[in-house]
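Below you'll find the structure, written out as structure tokens, and then a few comments.
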Amino acid sequence: MQQNHENVCVLIIDDEKKLNDLLCRIISLEGFKVKQAYNGREGLRILSQEDVHVVLSDVKLPDANGVELVEQIKKRKPYVEVISLTAYGNIPDGVQSIKNGAFDYITKGDDNDKIIPLLGKASEKALRQKRIFDLDSLNADKPSFNSVIGNSTQIKESIQLARKVAQTDTTVLLLGETGTGKEVFAQAIHFESNRKQQRFVALNCSGFNSDLLESELFGYKAGAFTGAGKDKKGLFEEANGGTIFLDEIGEMNLDLQAKLLRVLETQTFIKLGDTSTTRVNVRIIAATNRNLQLESEEGKFRMDLYYRLSVFTISLPSLSGRRGDIELLAEFFLKEYGRKVNKMNLKFDSAFLDLLKEHTWKGNIRELKNVIERVVILAEKDTIEPALLPFEFQNDPDGPTSLNMQMMEKQHIRKVLNYTHGNKTEAARLLGIGLTTLYRKLEEFKIS
């Protein structure tokens, strides 16, 4: 059965017109899009203007050295794969092309039957690399749904719902386990809405006690309480015209919930110490990992507020529910952290990826992100192997002994502490353990 290559563009660079045209016909019949160039300069021009995935280039060109051209192509578009065409007896040029970044080389005339299978492999790799490259570029800009990483049906359905509601002013309730990307979705909804030119303000409701949370949300007038020396704007005023994201909404107490309900119904509130109302125009996006419907039935959460918040509900899948996205997410984080510590050539061992896919991921994307950050720090060679994973991944009964495991753990802690320049709080976060646990291990291993 012929594979579907209609989304793959192949650029042929060869000054021999008959061979160039022949290759074009052969490759086109396999379903590939094909562009043709007869010299290096024209090839680079097409590369800059077209969405090319694979380049098939002669190593002898009238205006360029095809071996050096590989380097230029990879610098301009790193995700593009290059296959070099060499004449008989020119094998050293093919080998040098690979050293410069080429995917492979073939000998003209002798390897014609290898072209299509080789193009298939090269295009598969190029498409995967381009997907990561595109995600990398998008994440440097304002958040959007294009920056949500994943190709699984579950995440695509969530994105589809979020895109539809983004164009409205409807209140949204995001449901999902901790670390599933609820704030990323909230930001994307805001920046793809008509409010995108206004502020996006986020607040985690679990980070404040009830009094502080009220003053953070609604502000206060001078003299409202001891220490209130001047008026303070709350986050609702700061977000006026824009969007406010209330994470962990289930942690808000019942009294404050009543005040939030009034904002939802009237877009007004009264500040602490004030007698007049303040009017705002704010869209509310809330998120929780709790079952608010059940809690409202049990009297732990206001039922009327629940109904107002859940006008449009979007459930975000756990990472274990979208295992097909684990490798893509891991590759993205590998590039992100590899760039930060100048380790650009890192790649995953297949056994390492297998362990990632088998893990339960109770902390979801956030846990995966932390794991990849840690293994990048610890990596001493280009291939990342299972030994770099945290100890809970090491389930092989025939694996290291308890003593060896302790030595490995001590070495890991030393490396992470070196990376954080002795910052124990940051080291504990990267190690995935509590600060008190880290101090206990420092004492146990006699690490100063």
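The values are calculated or read from the model by the stated rules, or taken from the named source; none is laboratory data. The structure displayed is predicted, hence computed values, not measured ones. Quick reminder, even Gly has a Cβ in these numbers, built from the backbone with ideal geometry, and neighbours come from all protein chains shown. Ligands, DNA and RNA are stripped out before the accessible areas are found, and what is left, the full protein with its side chains, is counted by its heavy atoms. Shrake-Rupley method; radii C 1.70, N 1.55, O 1.52, S 1.80 Å.
Take the residues in the stretch 278-323 that are among the charged types (D, E, K, R) and not in a helix (DSSP H, G or I); name whichever of them is farthest from Leu256 (Cα to Cα).
Of everything passing the filter in the stretch 278-323, Arg322 is farthest from Leu256 (Cα to Cα).
Can you name every one of the helices (runs of 4 or more DSSP H) wholly within the stretch 178-249 that holds 1 or more residues which are under 26 Å from Gln154 (Cβ atoms) and of a type in the set (Phe, Trp, Tyr)?
Correct list: 182-191.
Starting from the stretch 45-62, keep only residues that are within 16 Å of Gly101 (Cα to Cα) and at pLDDT below 90, then list their pairs with residues that are crowded, with 16+ Cβ neighbours inside 10 Å and not hydroxyl-bearing (Ser, Thr, Tyr) whose Cβ atoms are within a distance under 6 Å, requiring at least 6 positions of separation or different chains.
Between residues of the stretch 45-62 that are within 16 Å of Gly101 (Cα to Cα) and at pLDDT below 90 and residues that are crowded, with 16+ Cβ neighbours inside 10 Å and not hydroxyl-bearing (Ser, Thr, Tyr), the close pairs are Val59/Gly66; Val59/Val67; Val59/Asp93.
For a quick check of your reading of the model, give me the residue pairs whose first member lies in the stretch 65-86 and is open to solvent by 30 Å² or more (accessible area, probe 1.4 Å), whose second is modelled with pLDDT under 90, with beta-carbon atoms closer than 7 Å and at least 6 apart or on different chains.
Close Cβ pairs satisfying both conditions: Glu71/Asn100; Glu71/Gly101; Lys74/Gly101; Arg76/Ser48; Pro78/Phe133.
Look through the stretch 203-223, keep the residues that are open to solvent by 40 Å² or more (accessible area, probe 1.4 Å) and hydrophobic (A, V, I, L, M, F, W, C), and return whichever of them is nearest to Val184 (Cα to Cα).
Phe208
Give the residues of the stretch 87-118 that are assigned to a loop (DSSP other than H, G, I, E, B), modelled with pLDDT of 80 or more and open to solvent by 50 Å² or more (accessible area, probe 1.4 Å), sorted by residue number.
Phe103, the sole residue that qualifies.
For Thr313, are the conditions met, namely being out of contact with any Asp or Glu (no Cβ under 6 Å at 6 or more places or on another chain), within 19 Å of Ala239 (Cα to Cα), hydroxyl-bearing (Ser, Thr, Tyr) and open to solvent by 50 Å² or more (accessible area, probe 1.4 Å)?
Spelling it out, it is not the case that Thr313 is out of contact with any Asp or Glu (no Cβ under 6 Å at 6 or more places or on another chain), within 19 Å of Ala239 (Cα to Cα), hydroxyl-bearing (Ser, Thr, Tyr) and open to solvent by 50 Å² or more (accessible area, probe 1.4 Å).
If I ask for residues that are open to solvent by 20 Å² or more (accessible area, probe 1.4 Å) and either touching a residue at least 40 places away in the same chain (Cβ under 8 Å) or under 15 Å from Ile314 (Cα atoms) (or both), which ones from the stretch 182-194 would you list?
Of everything in the stretch 182-194, those that are open to solvent by 20 Å² or more (accessible area, probe 1.4 Å) and either touching a residue at least 40 places away in the same chain (Cβ under 8 Å) or under 15 Å from Ile314 (Cα atoms) (or both) turn out to be Glu183, Val184, Gln187, Phe191, Glu192.
Considering only the stretch 19-46, how many residues are crowded, with 21+ Cβ neighbours inside 10 Å and within 31 Å of the chain's Cα centre (by Cα)?
1
Touching a residue at least 40 places away in the same chain (Cβ under 8 Å), of a type in the set (S, T, N, Q) and touching a Ser or Thr at 6+ places or on another chain (Cβ under 9 Å) - does that describe any residue in the stretch 205-224?
no
Of the conditions (1) open to solvent by less than 70 Å² (accessible area, probe 1.4 Å); (2) at pLDDT 65 or above; (3) not in a helix (DSSP H, G or I), Gly399 fails just one. Which one is it?
Only one criterion is unmet by Gly399, namely (2).
Which number in (1) of a type in the set (Gly, Ala, Ser); (2) under 24 Å from Ala202 (Cα atoms); (3) surrounded by 18 or more Cβ atoms within 10 Å (Cβ to Cβ) marks the one condition that Gly338 misses?
Condition not satisfied by Gly338: (2).
Based on this model, can you work out whether Gly40 counts as touching a Leu at 6+ places or on another chain (Cβ under 8 Å), within 30 Å of Lys335 (Cβ to Cβ) and small (Gly, Ala, Ser)?
So Gly40 passes the test.
Which residue out of Leu19, Leu47 is closer than 20 Å to Lys125 by Cβ and part of a helix (DSSP H, G or I)?
Step by step, each of Leu19, Leu47 is checked, and only Leu47 is closer than 20 Å to Lys125 by Cβ and part of a helix (DSSP H, G or I).
Based on what the data block shows, is Asp304 within 30 Å of Glu237 (Cα to Cα), among the acidic types (Asp, Glu) and loosely packed, with under 15 Cβ neighbours inside 10 Å?
yes
Could you please give the count of residues in the stretch 155-177 that are of a type in the set (D, E, K, R) and assigned to a helix (DSSP H, G or I)?
Number of matching residues: 4.
So which residues in the stretch 313-337 are out of contact with any Phe, Trp or Tyr (no Cβ under 9 Å at 6 or more places or on another chain) and aliphatic (A, V, I, L, M), if there are any at all?
Within the stretch 313-337, Leu328, Leu329 meet the criteria.
Condition check ((1) within 19 Å of Glu183 (Cα to Cα); (2) touching a strand residue (DSSP E or B) at 6+ places or on another chain (Cβ under 8 Å)) across all residues:
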position: Leu294; (1), (2): no, no
position: Leu305; (1), (2): no, no
position: Ser315; (1), (2): yes, yes
position: Leu319; (1), (2): yes, no
position: Leu334; (1), (2): no, yes
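Take the residues of the stretch 266-288 that are among the polar types (S, T, N, Q) and surrounded by 17 or more Cβ atoms within 10 Å (Cβ to Cβ): which is farthest from Asp211 (Cα to Cα)?
Taking the candidates together, the pick is Thr288.
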